[in-house]
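What follows draws every value from the coordinates through simple rules; no lab data is involved. Not measured: the values here are computed from a predicted model.
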Amino acid sequence: MSLTSEWHKSSYSGNPRQACVEVRETPTGAYVRDTQNRHQGHLAFPLPEWSAFLRGVKLDRL
């Protein structure tokens, strides 16, 4: 996992007009928010859950 204190657009996001998310990864987990609705806040995921999610995506299990 690449750690950054900056929000970045998901590499799985497509065309800018499509729905996409932004992620901010930290040493303890990750925050995820809707790019088009940033004002509505974010979801926080502890590191074990975030790592399991990423594994599932990479293995095409989700």
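Close amide H pairs (under 5 Å, H built 1.01 Å from N) link residue 26 with 31, residues at least 5 positions away or on another chain. Potential lengthening of the chain between residue 44 and residue 61 amounts to 4.0 nm, from the contour at 0.36 nm per residue minus the alpha-carbon distance. Sequentially through the range 41-50, phi angles give Karplus couplings (6.51, -1.76, 1.60; θ = phi - 60°) of x, 8, 9, 10, 10, x, 3, x, 5, 5 Hz, Gly and Pro residues having no value and appearing as x.
Taking amide H atoms as placed 1.01 Å from N in the peptide plane, the amide H of residue 21 lies under 5 Å from those of 10, 35, each 5 or more residues away in sequence or on another chain.
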